[in-house]
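Visitor: Here you go, one structure.
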Amino acid sequence: MNREEANQALQLIRRVVAQARDDSALQNWGVIWMLHAFVNAAGFAATNRLWTAGHRTPGPYALLWAGVLAFNMVSIFVLKRGQTAGARSFIERQIWAIWTTFIAGMVLVSILNWLLGLDRLFMPAVACVLFATAFSMMGALMGRVWYAVAVGFALAALGMTQVPDHAFDILAVLWFATQFGGGFALERARRRRLAATGAGARLV
């Protein structure tokens, strides 16, 4: 084997190791995603209840979602606390960036709606467009199945215009199915990996 072939083999090994580390790191989020599916779906359903009850000021919604986001962040650190410390993998950094940007976008849209004098802070159809954008970015990162999810959210955005009083309930169901399904797939892949290796892989 000459020097060029050796370098190519080394690069291939590095890519395989990096991919395995990314897959292992992502699979560790399965339980977290399944838990958050319940919490986030409940948040969307509660948003619908607040709206139908006639709440139009920012306070109740800000309090609700501050609680949801706080629970999500605390649960992430609690559930990952027992894992071996290590730097985030590439794919984890990208997912954090995608969903942090999504949350910032949702907050900004809510502020803009309030400043424009609209009668609502959150518009579920607009939220679905932002969801579709985030999932399309995940499609480029994690696989084509997420493009299909993005299309589903885009179609839901159109359908919500016909049932505005139940739009957040629809979003709750759609989000639960998406996040719980993704988490279940990750957890199943993690269990298969551990069974195949016969020992716990290093968690990151």
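Visitor: Starting from the Cα-Cα distance between residue 155 and residue 62, subtract it from 0.36 nm times their residue separation and give me the gain in nm to one decimal.
Guide: Gain on stretching residue 155 to residue 62: 30.7 nm.
Visitor: Taking 8 Å as the Cα distance limit and 6 or more residues as the minimum spacing, I'd like the relative contact order of the stretch 92-204 as a percentage.
Guide: 19
Visitor: Also, quick follow-up: Rounded if a/c is under 1.5, else prolate if a/b beats b/c, else oblate: with a ≥ b ≥ c from the C-alpha gyration tensor eigenvalues square-rooted, which is the stretch 111-165?
Guide: Since a/c reaches 1.5 but b/c is at least a/b, the shape of the stretch 111-165 is classed as oblate.
Visitor: Roll a 1.4 Å probe over the protein chains and send me the accessible area per residue for the stretch 92-204 in Å².
Guide: Dividing the accessible area of the stretch 92-204 by its residue count gives 56 Å².
Visitor: Provide the gained length on full extension for the span residue 147 to residue 177, in nm with one decimal, where the gain is 0.36 nm per separating residue minus the Cα-Cα distance.
Guide: Fully extending the segment from residue 147 to residue 177 adds 9.2 nm.
Visitor: When a/c reaches 1.5 or more, the comparison of a/b and b/c decides; with that in mind, is the stretch 90-203 rounded, prolate or oblate per its Cα gyration tensor?
Guide: The shape class here is prolate.
Visitor: Read phi for every residue in the stretch 112-125 and hand back ³J(HN,Hα) as whole Hz from Karplus 6.51 cos²θ - 1.76 cosθ + 1.60, θ = phi - 60°, with x for Gly and Pro.
Guide: 4, 4, 5, 5, 7, x, 6, 7, 8, 7, 10, 10, x, 5
Visitor: Let me ask something else. Counting only protein heavy atoms and using a 1.4 Å probe, what share of the accessible area of the stretch 30-140 belongs to carbon plus sulfur, as a whole percent?
Guide: Here carbon and sulfur together make up 75 percent of the probe-accessible area.
The values are calculated or read from the model by the stated rules, or taken from the named source; none is laboratory data. Bear in mind the structure is a predicted one, so any value in this text is a computation, not a measurement. When the accessible area is computed, the model is the full protein with side chains, heavy atoms only, and any ligands, DNA or RNA have been set aside. Shrake-Rupley method; radii C 1.70, N 1.55, O 1.52, S 1.80 Å.
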